[in-house]
Amino acid sequence: MTKPATAVAPAREPAHAPVPDPARVPAPDPARASVLRPAHAPVPAHHPDPVLDVVVPVYDEEADLEPSVRRLHAHLRATFPYPFRITVADNASTDGTPRIAARLAAELREVEWLRLAEKGRGRALRAAWSRSPAPVLAYMDVDLSTDLTALLPLVAPLISGHSDIAIGTRLAPGARVVRGPRREFVSRCYNALLRSTLAVGFSDAQCGFKAVRRETAERLLPLVRDGEWFFDTELLVIAERAGLRIHEVPVDWVDDPDSRVDLVATALADLRGIARLGRALTRGTLRPADLHPAGGAPPAGLAGQLWRFAAVGAVSTLGHLLLYAALRPAAGAQAANALALLVCAVANTAANRRLTFGLRGRGGALRHQARGLVVFLLGLALTSGSLAALHHAAPGAAPATELAVIVTAGLTATALRFLLLRGWVFGVRPSRRTAGGSAS
């Protein structure tokens with residue numbers, strides 16, 4: 001039998017609590033209230049149907065399926081205070097997986113089995129989540145690499161209505177991870193690539209431990225095209241661009257040494273997915289802002305940021321050239337270039353901070369300028385190196401040739417500058433994290 005729901009008694013007011021004077025209570029600000037209210041209504045304490053549906057996608061997992069499902073089932077029975085369901089989503093397995101899944105579904109009342117004709121984790125999650133009536137939908141890898149004590153912290157903000165999506169992260173402070181250097185390197189490189197190209201704020205896209213509110217899934221799934229490993233990343237990028245709340249939980253995670261994931265093929269597929277998603281966002285064929293709930297403003301889209309960055313860059317480039325031309329006779333080519341670039345870099349960082357990325361106030365301004373100066377040094381190295389190469393090849397080059405070389409080097413540095421500004425200098429970082437589970 002499923003463990004019955006546990007009602008939490010509301011806190012009582014003190015017996016002689018003072019009654020506030022309505023005349024002195026300020027009227028609520030509707031705009032502030034719309035931003036601060038929970039994303040969803042909380043799930044009632046007494047819920048007759050499953051509140052949580054944990055999907056376990058599998059393909060040829062006859063060895064791990066039964067012990068993992070029984071362990072997960074026992075954990076939920078012992079610790080989860082709501083009705084739950086476990087859905088085994090079989091991705092066209094060819095071994096004994098379907099037979100084991102069917103037997104588990106017949107024996108355990110909370111376990112169901114879903115058979116798919118095609119492979120692909122994304123297809124399995126789409127099919128299972130689309131047919132589930134549970135208010136909170138989750139999934140985890142069959143090897144249970146993530147410690148199960150993190151499951152309740154993962155889904156709690158979704159049950160309460162605070163957040164739209166919750167993800168486990170192996171790359172945030174507080175996470176404890178045991179895995180080989182190769183997988184660690186690949187994971188960190190992949191997430192760094194996401195931050196630099198798509199300017200994501202979440203820290204770990206591919207951890208197989210996520211949950212989502214059902215109404216959020218219903219809005220996001222029609223926009224997600226990938227049916228395999230990139231499904232997670234695409235779902236999170238669209239959700240973040242729509243301004244939805246993504247809650248992160250640092251987890252304890254132990255690598256499965258028997259993992260059969262083809263890292264090279266998966267990495268290439270992810271790169272194609274990043275390129276496709278970036279093109280769709282830039283061209284406006286994908287509009288996550290349409291999903292944004294009332295009462296807030298979604299982050300600026302990539303296309304708008306590119307236009308504003310280009311406008312700021314054009315003004316900065318003109319200012320750089322004018323300053324260089326004015327300083328060149330007295331200071332020499334290298335000093336004039338460095339001084340002009342420094343002045344324009346400070347102004348450029350401030351302008352992009354406010355106009356391109358919409359940051360206001362003094363919070364983080366010094367940090368942004370410090371990081372902007374690092375980007376400046378990279379630009380200085382490119383332009384100064386180009387000038388040095390020109391002078392080495394043609395010592396008597398005319399000033400017009402020097403300007404042409406600087407412009408060419410500047411254009412090369414511009415793309416790098418935008419990526420660094422977007423993903424590092426002004427990159428948004430997750431601000432809501434919950435303590436992870438205890439060590440295994």
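The values are calculated or read from the model by the stated rules, or taken from the named source; none is laboratory data. Everything numeric here is computed off the predicted structure, so don't read it as measured data. Neighbour counts are summed over all protein chains in view; Cβ atoms, including those assigned to glycine, are modelled from backbone coordinates with ideal geometry. Quick note on the areas: whole protein, heavy atoms, side chains included, nothing else; ligands and nucleic acids left out. Shrake-Rupley method; radii C 1.70, N 1.55, O 1.52, S 1.80 Å.
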For this session: Pick out the one residue from D147, D204 that is within 25 Å of E234 (Cβ to Cβ), touching a residue at least 24 places away in the same chain (Cβ under 8 Å), touching a strand residue (DSSP E or B) at 6+ places or on another chain (Cβ under 6 Å) and of a type in the set (D, E, K, R).
Result: D204
For this session: Within region 382-400, work out how many residues are exposed (fewer than 15 other Cβ atoms within 10 Å of the Cβ) and either touching a Cys at 6+ places or on another chain (Cβ under 6 Å) or part of a helix (DSSP H, G or I) (or both).
Result: 7
Exercise. Here are some residues: L154, L171. Which one is touching a residue at least 12 places away in the same chain (Cβ under 8 Å) and within 25 Å of R70 (Cβ to Cβ)?
Worked result: L154
Seminar exercise, completed: Among (1) under 18 Å from L411 (Cα atoms); (2) surrounded by 14 or more Cβ atoms within 10 Å (Cβ to Cβ); (3) out of contact with any Phe, Trp or Tyr (no Cβ under 9 Å at 6 or more places or on another chain), A351 falls short only on (1)
Exercise. If the Cβ limit is 9 Å and pairs must be 6+ apart or interchain, which residue in region 304-328 that is farther than 15 Å from A347 by Cβ pairs with which residue that is of a type in the set (D, E, K, R) and open to solvent by less than 30 Å² (accessible area, probe 1.4 Å)?
Worked result: Q305/R422; R328/E402
Problem set entry | Residue tally, condition within 20 Å of P50 (Cα to Cα) and not aromatic (F, W, Y), over region 103-129 | 15
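Yes or no, residue by residue, for (1) closer than 30 Å to L158 by Cβ; (2) modelled with pLDDT under 80:
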| position | (1), (2) |
| --- | --- |
| V405 | no, no |
| T408 | no, no |
| A415 | no, yes |
| F418 | no, no |
| G427 | yes, yes |
| R433 | yes, yes |
| G437 | yes, yes |
Exercise. Just to be sure, is L403 assigned to a helix (DSSP H, G or I), under 36 Å from the mean Cα position of the chain (by Cα) and within 20 Å of G313 (Cα to Cα)?
Worked result: no
Problem set entry | Subset tally (residues that are surrounded by fewer than 19 Cβ atoms within 10 Å (Cβ to Cβ), in contact (Cβ under 8 Å) with a residue 24 or more places away in the chain and under 11 Å from R353 (Cβ atoms)) for region 369-381 | 1
For this session: Quick one: V249 ticks every box in (1) open to solvent by 20 Å² or more (accessible area, probe 1.4 Å); (2) touching a Pro at 6+ places or on another chain (Cβ under 6 Å); (3) not acidic (D, E) except a single one, so which number is it?
Result: (1)
Exercise. Within region 340-351, is there a residue that is more than 25 Å from T197 (Cβ to Cβ) and either among the β-branched types (V, I, T) or touching a Cys at 6+ places or on another chain (Cβ under 7 Å) (or both)?
Worked result: yes
Exercise. Do you know which residues across region 89-104 are farther than 12 Å from L65 by Cα and either surrounded by fewer than 19 Cβ atoms within 10 Å (Cβ to Cβ) or at pLDDT 95 or above (or both)?
Worked result: A92, T94
Problem set entry | Count - residues of region 58-81 that are in contact with a Lys or Arg (Cβ under 8 Å, 6 or more places away or on another chain), open to solvent by 20 Å² or more (accessible area, probe 1.4 Å) and of a type outside the set (D, E, K, R) | 3
For this session: Kindly indicate whether P48 is modelled with pLDDT of 50 or more, open to solvent by 90 Å² or more (accessible area, probe 1.4 Å) and under 26 Å from I165 (Cα atoms).
Result: yes
Seminar exercise, completed: Checking V186, V142 in turn, the sole residue that is in contact (Cβ under 8 Å) with a residue 60 or more places away in the chain and open to solvent by less than 30 Å² (accessible area, probe 1.4 Å) turns out to be V142
For this session: Would you mind finding the one in R123, R131, R109 that is more than 26 Å from T216 (Cβ to Cβ) and in contact (Cβ under 8 Å) with a residue 12 or more places away in the chain?
Result: R109
Seminar exercise, completed: If you go through G161, G168, the only one that is open to solvent by less than 10 Å² (accessible area, probe 1.4 Å) and in contact with a Ser or Thr (Cβ under 9 Å, 6 or more places away or on another chain) is G168
Exercise. So how many residues does region 308-366 have that are aromatic (F, W, Y) and modelled with pLDDT of 80 or more?
Worked result: 2
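So, R225, is that one open to solvent by 10 Å² or more (accessible area, probe 1.4 Å) and closer than 21 Å to T266 by Cα or not? Break it down into steps so the answer makes sense when it comes.
Working: open to solvent by 10 Å² or more (accessible area, probe 1.4 Å): yes; closer than 21 Å to T266 by Cα: yes.
Answer is yes for this residue.
Give me the residue from region 66-112 that is of a type in the set (S, T, Y) and part of a helix (DSSP H, G or I) and, out of that set, nearest to R126 (Cα to Cα).
Here the residue is T97.
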For this session: Quick one: which helices (runs of 4 or more DSSP H) lie wholly within region 162-279 and hold at least 2 residues that are modelled with pLDDT of 90 or more and under 17 Å from G122 (Cα atoms)?
Result: 214-220, 231-241
